[in-house]
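Asker: What follows is a single structure, and I will ask about it in a moment.
The values are calculated or read from the model by the stated rules, or taken from the named source; none is laboratory data. A quick note: this is a predicted structure, and the numbers were derived from the prediction, not measured. Cβ sites come from the backbone with ideal geometry, for glycine too, and all protein chains shown count toward neighbours.
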Amino acid sequence: MKDIIIVGRGLAGATLSFQLLAKGIKHHIVDQPSLSSSSKVAAGLVNPIVLKRLKMVQGAHEFMTHIPSFYQAKEVLTGFKFYHESTVRHIFANTGEINLWEEKKDNVFHSQFLKGFVQNTNPYLLAPHGLGVMEGIGWLDTNSFLNAHRFFCANNGISITEKTFTKNDLSTLVESGHLIILCNGHLLKDWEVLPENAFAPTRGEVMTIEADGLSEDNILHSSIFAIPLGEKQFKVGATYHWDKLNDMPTDDGIERLRTDLEKVYSGKYKIINHQAGVRPNTKDRKPIIGKLKDNVMVFNGMGSRAALMAPQLSNILLDYLTTGNPLPSEYNIDRFL
């Protein structure tokens, strides 16, 4: 196999790197973390069901099958802790949501995750219709995961070069015979190597708060989520904006987060951090995997679901590279070319 260079070390690039290392395939990584930090601020939720509509994420059967073995194995390998199994308490907005929950939880796939509902006993939660119970999901501490990957690379001969990688750099390396795998998120859009209708990036903002009145035993979900980080800290998010596609937090963003939190939580809290990042969403909400041109591959477009999708999708890409097995048409980059 040709020398491999991964461009970008977010969740997609780091996960693919781990998979290559598991196969004993050496590679090099080029990354400029100051250009985009969407993976570092991502919630890292590993949830196969879209709670807003209770629809299964396409491919969720396969994605969930690979989650425990991948993340747990990497924790053992690196000595870092970054994957946390958890439960969700979803605040019902009305009786219609309860009826839909009752209907969906009897489906074969949904029944693994959607359970019954409970009455609210927390005086600080505004949940008059009760809460739905969801089990069997988890969340990835993305910062710890990326730190674990950096540590493991340093101890296994995988170099990481921090520099801005441009379209001109791509041309130079392609001519030298390297295999380039582009995992650089929404930044790929600016290279104009894919049609404009491929990407639909969104800026997301999150805040970290300290609060005494929220449960640290489960993830709270309504129009926002609140993930317990320990020591009475919670990551709360996230917003969706289609303008100002950069990593700068905004006043509008923090105001939206506060408003949504206070719709369901009446207790005191203190904001200790506020961050933003740009999700590499695609127009059809499906990942982009495959051959862009000779010696150039793309592994991208997982939006806010990289923690769920990347372990299985990186397996698929690696299988394609090593055996030539075809890529699934729903993810194949050919749909945009």
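Asker: Quick check on my filter: what residues within the range 52-92 are outside any loop (DSSP other than H, G, I, E, B), among the basic types (K, R) and exposed (fewer than 14 other Cβ atoms within 10 Å of the Cβ)?
Answerer: K55
Asker: On to the next question. If you go through the range 1-51 one residue at a time, how many are assigned to a strand (DSSP E or B) and farther than 13 Å from R305 by Cα?
Answerer: The number of residues fulfilling the criteria is 9.
Asker: Another question, if that's okay. If we keep just the residues of the range 161-206 that are small (G, A, S) and more than 23 Å from T282 (Cα to Cα), which is surrounded by the most Cβ atoms within 10 Å (Cβ to Cβ)?
Answerer: S171
Asker: In the range 113-160, how many residues are exposed (fewer than 15 other Cβ atoms within 10 Å of the Cβ) and among the β-branched types (V, I, T)?
Answerer: Going through the range 113-160 one residue at a time, the tally reaches 2.
Asker: Quick one: which strands (runs of 3 or more DSSP E) sit completely within the range 232-297 and have at least 2 residues that are more than 17 Å from the chain's Cα centre (by Cα) and assigned by TED's automatic domain parsing to the domain that holds A211?
Answerer: It comes to 233-237, 269-279.
Asker: Give the residue that is farthest from N218 (Cα to Cα), with candidates limited to residues of the range 93-140 that are small (G, A, S) and either over 28 Å from the mean Cα position of the chain (by Cα) or part of a loop (DSSP other than H, G, I, E, B) (or both).
Answerer: Checked the range 93-140; the qualifying residue farthest from N218 (Cα to Cα) is G96.
Asker: Determine whether the range 159-167 contains at least one residue that is of a type in the set (S, T, N, Q) and assigned to a helix (DSSP H, G or I).
Answerer: There is no residue in the range 159-167 that is of a type in the set (S, T, N, Q) and assigned to a helix (DSSP H, G or I).
Asker: Has the range 303-321 got any residue that is in contact with a Leu (Cβ under 9 Å, 6 or more places away or on another chain), in a strand (DSSP E or B) and either of a type in the set (D, E) or under 25 Å from D3 (Cβ atoms) (or both)?
Answerer: No, every residue in the range 303-321 fails to be in contact with a Leu (Cβ under 9 Å, 6 or more places away or on another chain), in a strand (DSSP E or B) and either of a type in the set (D, E) or under 25 Å from D3 (Cβ atoms) (or both).
Asker: Could you say which residue among K74, K26, K2 is at pLDDT below 95 and either outside the structural domain of L170 (by TED's automatic domain parsing) or closer than 22 Å to N300 by Cβ (or both)?
Answerer: The conditions single out K2.
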